[in-house]
Amino acid sequence: MSDSELRHHAEFWFETPHAARIYEALAPEAYDETGERSYATISCDGDHLSLSVMAGDIPALRAALNMWLRLITIAEEMQEIHI
């Protein structure tokens, strides 16, 4: 899908001391994903994690956001587990 077809866009920023670990865990998902209807990028700067999702239509944007926000939530929760 070309950039001109990605008409819908959402960005989220998270502040967490685990930003680097979460980025390392999820970055391969962003680079390996070959979605036909959406595209996501993730980046890290210190304690800040950034997520940007682009999609061609609202249902595709919602589906991608659901997946990415769930992945970030789970990764953050896993950092809180003490063995």
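The values are calculated or read from the model by the stated rules, or taken from the named source; none is laboratory data. What you are looking at is a predicted structure, and each value in this text was computed from that prediction instead of being measured. As a convention, Cβ positions derive from the backbone with ideal geometry for all residues, glycine included, and neighbour counts pool all protein chains shown. Heavy atoms of the whole protein, side chains included, go into the accessibility calculation; ligands, DNA and RNA do not. Shrake-Rupley method; radii C 1.70, N 1.55, O 1.52, S 1.80 Å.
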* Structure fact -> Simple spin-label estimate for Arg37/Trp13, 7 Å along Cα→Cβ, in nm, reads 3.0
* To do: Quick one: pull the percent of accessible area on the chain belonging to carbon and sulfur, 1.4 Å probe, ligands and nucleic acids left out.
  => 53
* So what's the angle, to the nearest 10 degrees on a 0 to 90 scale, between helix 58-79 and the longest Cα principal axis of the chain? -> 10
* **Burial ranking of peptide ranges 59-65, 72-78 (average Cβ count within 10 Å, highest at the top)** => 59-65, 72-78
* Can you tell which of Ala64, Tyr23, His48 lies farthest toward the positive end of the dipole of segment 13-83, using +1 and -1 charges on the Cβ of basic and acidic side chains (Lys, Arg; Asp, Glu)? -> Ala64
* **Karplus (6.51, -1.76, 1.60) ³J(HN,Hα), θ = phi - 60°, over segment 14-22, in Hz, Gly and Pro reported as x** => 10, 10, 7, x, 9, 3, 5, 5, 5
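Suppose every K and R has +1 on its Cβ and every D and E has -1 on its Cβ; what is the size of the dipole of the chain about the Cα centre, in Debye to the nearest 20?
220
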